[in-house]
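Below you'll find the structure, written out as structure tokens, and then a few comments.
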Amino acid sequence: MAQTLARTMPGVLELLPRDQIAFQRMLDIIERNYRLYGFLPIATPVMEFSDVLLTKSGGETERQVYFVQSTGALEKEGRPELALRFDLTVPLARYVAEHERELSFPFRRYQIQRVYRGERAQRGRFREFFQCDIDVIGRDQLSIRYDAEMPAVIHSVFRDLGIGPFTIQLNHRKLMRGFFEGLGIADSEQQMRVLREVDKLDKRGGDHVRDVLAGPEFGLSGEVVSRILDFVAVRSSSFEDAMQKLDALGDGSETFEQGRAELRQVLAMVRDLGVPEERFALNLSIARGLDYYTGMVYETTLDEHPDIGSICSGGRYDNLAGQYTRSHLPGVGISIGATRLFWQLREAGLISTADSSVQVLVTQMDETRMADYLALASELRAGGIATETVMEPGKLGRQFKHADRAGIRFVAVLGSEELARGTVTIKDMRRNDQFEVARDELVRTLRVELEQAAIMPVTRNG
């Protein structure tokens, strides 16, 4: 009976400790870079009022929401009062609207928390997952310069994650909508429907998009469809190439020209912010399917693993909290779906199991000298080194095996000879060698070893 009860629900990522350490390191790198760019942390409740979370009735989002009911609420009729958040954007909108008078604008926030969606159980789709978001929210207006800062943050994060070459792809919704206006697609709802189809280009291919746009649902002429597909095929290979390709698009409507001017400005500032030219590019097929994006949009992909898809996305929106306040609050932001990203990187072999967060294991050679081992462990911890002490007697070989299996890098041996000489023997489990060090030099020596390991990590397989 116990075996049948011990199971997790589908759609969650429950990790063993060394995988959890690797995942936490990813979150730490993301958070560190968010802080470096001056973003402030916030945390919102996992639950929101249903009428706050679901500002529109019906639709795909509401069908994926987990509603929350207390025992007493089960006796009531109607929709539950509370629901679990399905992203971090709606809670941010509520947060800014509620605390508007207490915040300093532009408000720069980062948020790294779990969200919940009722996804169908399938491989690589999660019902509970971490999102790592940053946004800059203005009051009444927000300079386009903040839009250029987003690719700089993306570059900083993925450079430090060290998961291979990547490209931050940029486009502008106004450029696309202005282009559609020039083709006679003037209705905003029809434009959004076309944008959603174009956004499927990489997943379903050009032939599929051509068939849909030329089909009865849209009824666009073959010439218009061809011009759309030619437009969204534009890519750049360098900064100068991007500028030349924008120039080559010809004249357009006021909306088109505004989008082009802002794209030029953002591309130039991204370069000025120190992002290498090979790490960002113009891609006029990037649309982002969400309706609330109104300006710049971003998607980031791994150059050597395009099958993984977007690893970071976002964009500009005109009014974050229009459902909750009369204030005009434009913003720009990006989001990293950390749980899915970690799962994908692990599946692709780009992330491996981490060493333990425990840095040293103090062995037990003689149970009567337990006070000496505890004193050594205390010295290491006082020096900022995470240390585990073997508390139960056992063969030394078994203690080494425990360290190896747990991923503990260094093992400290304090035998009678070491005690007599005032030294400690350190075994490096990763390099499979050992050295003896004076007791009063132990902390400094291990700190140097740990710092070198962080700079030049060595795998267990060499």
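The values are calculated or read from the model by the stated rules, or taken from the named source; none is laboratory data. Quantities reported herein were computed from a predicted structural model and do not represent experimental measurements. Cβ coordinates were reconstructed from backbone atoms using ideal geometry, including for glycine residues, and neighbour counts include every protein chain displayed.
For the subset of region 247-286 comprising residues that are outside any loop (DSSP other than H, G, I, E, B) and of a type in the set (Asp, Glu), which member is surrounded by the most Cβ atoms within 10 Å (Cβ to Cβ)?
Quick first cut of region 247-286, residues outside any loop (DSSP other than H, G, I, E, B) only: 247, 254-272, 277-283.
This time we only want the ones that are of a type in the set (Asp, Glu), so: 247, 254, 257, 262, 272, 277-278.
Details: ASP247: 10, GLU254: 10, GLU257: 14, GLU262: 19, ASP272: 10, GLU277: 16, GLU278: 13.
Only one residue fits best here, namely GLU262.
Return the only residue of VAL212, VAL198 being in the same structural domain as THR294 (by TED's automatic domain parsing) and without any contact (Cβ under 8 Å) to a residue 24 or more places away in the chain.
VAL212
Filter region 377-394 down to the residues that are of a type in the set (D, E, K, R) and either within 17 Å of VAL448 (Cβ to Cβ) or at pLDDT 95 or above (or both), then identify the one that is farthest from the chain's Cα centre (by Cα).
If we take residues in region 377-394 being of a type in the set (D, E, K, R) and either within 17 Å of VAL448 (Cβ to Cβ) or at pLDDT 95 or above (or both), then GLU379 is farthest from the chain's Cα centre (by Cα).
For region 90-132, give me each residue that is in a helix (DSSP H, G or I), under 19 Å from the mean Cα position of the chain (by Cα) and more than 19 Å from ARG35 (Cα to Cα).
Hits for region 90-132 are VAL90, PRO91.
Output the residues belonging to region 226-269 that are charged (D, E, K, R) and farther than 30 Å from HIS208 by Cα.
Correct list: GLU240, GLU254, GLU262, ARG264.
In region 413-440, which residue that is surrounded by 12 or more Cβ atoms within 10 Å (Cβ to Cβ) and out of contact with any strand residue (DSSP E or B) (no Cβ under 9 Å at 6 or more places or on another chain) is modelled with the lowest pLDDT?
The qualifying residue modelled with the lowest pLDDT is ARG431.
Restricting to region 269-300, name every residue that is among the hydrophobic types (A, V, I, L, M, F, W, C) and without any contact (Cβ under 8 Å) to a residue 40 or more places away in the chain.
LEU290
Select from region 198-246 the residues that are among the polar types (S, T, N, Q), over 35 Å from the mean Cα position of the chain (by Cα) and not in a helix (DSSP H, G or I) and list them in ascending order.
Here is the first cut: in region 198-246, the ones among the polar types (S, T, N, Q) are 221, 226, 236-238, 244.
Filter once more, so that each one left must be over 35 Å from the mean Cα position of the chain (by Cα): 221, 226.
Listed by number, the list holds a single entry, SER221.
From the residues in region 101-124 that are out of contact with any helix residue (DSSP H, G or I) (no Cβ under 8 Å at 6 or more places or on another chain) and in contact (Cβ under 8 Å) with a residue 40 or more places away in the chain, which one is farthest from LEU53 (Cα to Cα)?
ALA121
Looking at (1) in contact with a strand residue (DSSP E or B) (Cβ under 6 Å, 6 or more places away or on another chain); (2) modelled with pLDDT of 95 or more; (3) among the basic types (Lys, Arg), which is the only condition ARG288 fails?
Of (1) in contact with a strand residue (DSSP E or B) (Cβ under 6 Å, 6 or more places away or on another chain); (2) modelled with pLDDT of 95 or more; (3) among the basic types (Lys, Arg), only one is false for ARG288: (2).
With the checklist (1) assigned to a helix (DSSP H, G or I); (2) surrounded by fewer than 15 Cβ atoms within 10 Å (Cβ to Cβ) in hand, flag the one item PRO393 doesn't pass.
Failing condition for PRO393: (1).
Could you tell me whether LEU345 is more than 30 Å from ARG94 (Cβ to Cβ), under 26 Å from the mean Cα position of the chain (by Cα), outside the structural domain of HIS172 (by TED's automatic domain parsing) and not in a loop (DSSP other than H, G, I, E, B)? Can you show your working first?
On the way: more than 30 Å from ARG94 (Cβ to Cβ): yes; under 26 Å from the mean Cα position of the chain (by Cα): yes; outside the structural domain of HIS172 (by TED's automatic domain parsing): yes; not in a loop (DSSP other than H, G, I, E, B): yes.
Yes, satisfied.
Matching residues to (1) charged (D, E, K, R); (2) at pLDDT below 85; (3) closer than 30 Å to PHE107 by Cα:
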position	(1), (2), (3)
ASP28	yes, no, yes
GLY38	no, no, yes
GLY58	no, yes, no
LEU84	no, no, yes
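Of all residues in region 133-142, count the ones that are of a type outside the set (Gly, Ala, Ser) and within 19 Å of TYR34 (Cα to Cα).
So the count comes out to 5.
Which of the residues belonging to region 98-148 are among the small types (Gly, Ala, Ser), surrounded by fewer than 19 Cβ atoms within 10 Å (Cβ to Cβ) and modelled with pLDDT of 95 or more?
Matches in region 98-148: SER104, GLY138, SER143.
Out of region 2-42, which residues are outside any helix (DSSP H, G or I), more than 22 Å from GLN64 (Cα to Cα) and not basic (Lys, Arg)?
Just the residues of region 2-42 that are outside any helix (DSSP H, G or I), to begin with: 6-16, 37-42.
Now restrict to residues that are more than 22 Å from GLN64 (Cα to Cα): 6-7, 15-16, 37-42.
Result: ALA6, LEU15, LEU16, TYR37, GLY38, PHE39, LEU40, PRO41, ILE42.
Which members of region 404-418 meet the condition of being within 33 Å of the chain's Cα centre (by Cα) and closer than 19 Å to GLU379 by Cβ?
Result: ILE408, ARG409, PHE410.
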